[in-house]
1. Any residue that is open to solvent by 20 Å² or more (accessible area, probe 1.4 Å) and under 30 Å from residue 185 (Cβ atoms) - is there at least one of those in the stretch 282-296?
2. With respect to the numbered conditions (1) closer than 19 Å to residue 378 by Cα; (2) open to solvent by 30 Å² or more (accessible area, probe 1.4 Å); (3) more than 16 Å from the ligand (Cβ to nearest atom), which one is the sole condition not fulfilled by residue 304?
3. Which one of 441, 419 is buried (at least 21 other Cβ atoms within 10 Å of the Cβ) and either out of contact with any strand residue (DSSP E or B) (no Cβ under 9 Å at 6 or more places or on another chain) or of a type in the set (Ser, Thr, Tyr) (or both)?
4. Taking the residues in the stretch 311-340 that are within 23 Å of the chain's Cα centre (by Cα) and of a type in the set (Val, Ile, Thr) as candidates, determine which candidate is modelled with the highest pLDDT.
5. In the stretch 309-323, how many are in contact with a Leu (Cβ under 9 Å, 6 or more places away or on another chain) and farther than 21 Å from residue 47 by Cβ?
6. How about the stretch 444-471: which of its residues are among the polar types (S, T, N, Q) and open to solvent by 30 Å² or more (accessible area, probe 1.4 Å)?
7. Looking only at the stretch 252-281, count every residue that is open to solvent by less than 60 Å² (accessible area, probe 1.4 Å) and either closer than 15 Å to residue 188 by Cβ or among the charged types (D, E, K, R) (or both) and tell me the total.
8. Would you check which residues across the stretch 106-120 are in a strand (DSSP E or B) and either in contact with a Cys (Cβ under 7 Å, 6 or more places away or on another chain) or open to solvent by 10 Å² or more (accessible area, probe 1.4 Å) (or both) and list them?
Amino acid sequence: MPRPDGLLTDELDPHDRGPQDECGVFGVWAPGEEVGKLAYFGLYALQHRGQESAGIAVSDGRRMMVFKDMGLVSQVFDEATLSSLTGQIAVGHTRYSTTGASVWDNAQPTFRPTDAGGLALGHNGNLTNTDELEAWLEEYDDAPAVPHKTRMDSTSDTAILTALLVADPAESLEQAAMRVLPRLRGAFCLCFMDNSTLYAARDPQGIRPLVLGRLARGWVTASESAALDIVGASFVREIEPGEMIIINADGLRSVRFADANPKGCLFEYVYVARPDTAIAGRSVQATRLQIGRTLAREAPAEADLVIPVPESGTPAAIGYAEESGIPFGMGLVKNSYVGRTFIQPSQTIRQLGIRLKLNPLREVIEGRRLVVVDDSIVRGNTQRALIRMLREAGAAEVHVRISSPPVRWPCFYGIDFASRAELIANGLTIDEIRTSLGADSLAYVSLDGLTEATTMPAERLCRACFDGVYPIELPLAARAGGQVAEQPTLDEVEPEVDAPPLPAETAAR
Ligand code: SF4
């Protein structure tokens with residue numbers, strides 16, 4: 001039963017939600033350890049990737065149990081529940097819905113009974129060929145004893161995938177996965193299990209991150225390396241695009257179900273991943289500092305103080321201050337806990353907007369010309385309210401600097417930005433956005449500047465929400481619905497390697 005909630009988010013303004021990642025996944029194979037509790041703490045570290053539901057499946061080798069509910073990890077599980085989740089394998093999941101409604105039936109891990117006991121699966125990402133997969137599933141409708149489409153109690157792409165794995169007549173889950181995974185399109189990082197084996201697989205483009213870690217007596221797989229740290233696992237390596245890892249009493253094996261064609265999500269570096277997570281051997285914090293330095297070079301400002309919009313704007317603001325020589329200060333204090341509640345806000349409380357989350361430090365702000373650094377602008381409502389609040393607190397000037405390029409295109413690979421029509425950068429010039437926000441100047445980091453800050457070559461990244469070049473074929477409905485213009489996918493255009501950085505897009509009044 002979904003709980004009514006207006007503030008189940010750590011967004012600054014719950015009615016102007018920022019980009020939402022779809023999910024975090026966690027898997028652990030560790031006989032003799034408290035795998036349910038390890039999964040719980042792993043999910044805690046991945047809470048930022050999905051805040052609408054949480055779940056853990058465990059198996060003791062004979063019996064599988066799944067516990068999931070709507071809410072944050074800390075709200076779904078208590079000591080009594082965790083104590084009952086015992087076994088040697090666990091799969092955990094935190095979810096934010098993009099495909100399928102935010103209801104209990106769509107919470108993960110998904111579960112399907114099988115002849116061998118059961119299958120539990122957690123998925124991060126978004127499949128783009130669900131119509132084709134549903135049609136494939138329908139081919140099994142006539143086969144007796146397979147759970148066909150009409151018996152699915154969930155509307156999500158993950159439910160279709162789970163049903164396909166179970167419906168496949170292969171003798172083992174591994175064989176079924178080797179038949180099903182190559183036919184999936186879109187973004188998928190999977191942690192799934194039967195009663196004896198933990199599996200982890202990553203789509204051929206490796207759009208979302210997935211890593212492998214080692215415990216003293218077992219293995220861990222997780223969306224981000226920060227989730228390995230919290231359970232005391234050492235980082236082994238990233239799971240490769242197109243690779244599936246199989247872990248059971250016979251040890252760990254790696255198989256390849258598709259050739260790798262890496263296109264990692266650029267937005268993970270800007271916003272989604274935790275700063276203490278490492279991608280391709282480098283911390284996300286280091287990348288964000290570099291983006292701030294690049295932003296300062298591309299879009300300087302005459303100002304007295306650099307302040308971040310906490311917390312995701314903080315590393316880039318530090319980098320901006322370092323490069324520009326303008327002092328860094330905390331001009332806004334974030335109340336981190338007020339949003340983590342199920343209380344339905346009254347109209348009076350709603351009108352408080354971001355004041356529920358951010359409080360300006362008047363003595364820091366008053367009379368100062370501010371550079372305000374944020375990670376992205378989606379609809380712009382939050383930044384508009386923020387600028388008004390800073391002016392009311394006495395700011396002499398407000399120069400907004402954004403550590404990503406304008407988001408002009410929707411994401412079909414697991415990040416929910418808003419519909420294309422809602423994106424403020426869709427159809428407005430930078431100066432029109434500046435006017436709409438009420439800033440003295442506005443600048444975004446350039447796409448090439450951002451790409452360079454990641455140290456990854458452009459051809460190994462997905463940058464579609466910024467440039468509209470989609471590396472994986474899109475669902476027909478998206479193209480037919482006018483969500484995206486007719487244009488080549490990345491495979492059809494020449495990559496611009498070594499292109500000099502473009503100047504940042506800037507507007508000032
Ligand atoms: S479209 Fe944007 S958010 Fe989506 S995967 Fe590509 S870079 Fe990431």
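1. Within the stretch 282-296, the subset open to solvent by 20 Å² or more (accessible area, probe 1.4 Å) is 282-283, 285-286, 289-290, 293.
Checking which are under 30 Å from residue 185 (Cβ atoms) leaves us with 282.
Looking for residues that are open to solvent by 20 Å² or more (accessible area, probe 1.4 Å) and under 30 Å from residue 185 (Cβ atoms), one finds at least one in the stretch 282-296, hence yes.
2. (1)
3. Numbers: 419 fails: buried (at least 21 other Cβ atoms within 10 Å of the Cβ).
Result of the check over 441, 419: 441.
4. Taking the stretch 311-340 as the starting set, the residues that turn out to be within 23 Å of the chain's Cα centre (by Cα) are 311-317, 334-340.
With of a type in the set (Val, Ile, Thr) added as a condition, the list becomes 314, 338.
Numbers: 314: 95, 338: 56.
Within the stretch 311-340, the match that is modelled with the highest pLDDT is 314.
5. First, the residues of the stretch 309-323 that are in contact with a Leu (Cβ under 9 Å, 6 or more places away or on another chain): 309-310, 315-316, 318-323.
Still in the running and farther than 21 Å from residue 47 by Cβ: 316, 318-323.
Of the residues in the stretch 309-323, 7 are in contact with a Leu (Cβ under 9 Å, 6 or more places away or on another chain) and farther than 21 Å from residue 47 by Cβ.
6. Taking the stretch 444-471 first, the residues among the polar types (S, T, N, Q) are 446, 451, 454-455.
Within the stretch 444-471, just 455 meets the criteria.
7. 9
8. Of all residues in the stretch 106-120, those in a strand (DSSP E or B) come to 110-114, 117-120.
Across the stretch 106-120, the qualifying residues are 110, 111, 112, 113, 114, 117.
The values are calculated or read from the model by the stated rules, or taken from the named source; none is laboratory data. Computed from a prediction, not measured in an experiment: that's the story for all the values here. Quick reminder, even Gly has a Cβ in these numbers, built from the backbone with ideal geometry, and neighbours come from all protein chains shown. Protein only, heavy atoms only, side chains kept; ligands, DNA and RNA dropped before computing areas. Shrake-Rupley method; radii C 1.70, N 1.55, O 1.52, S 1.80 Å.
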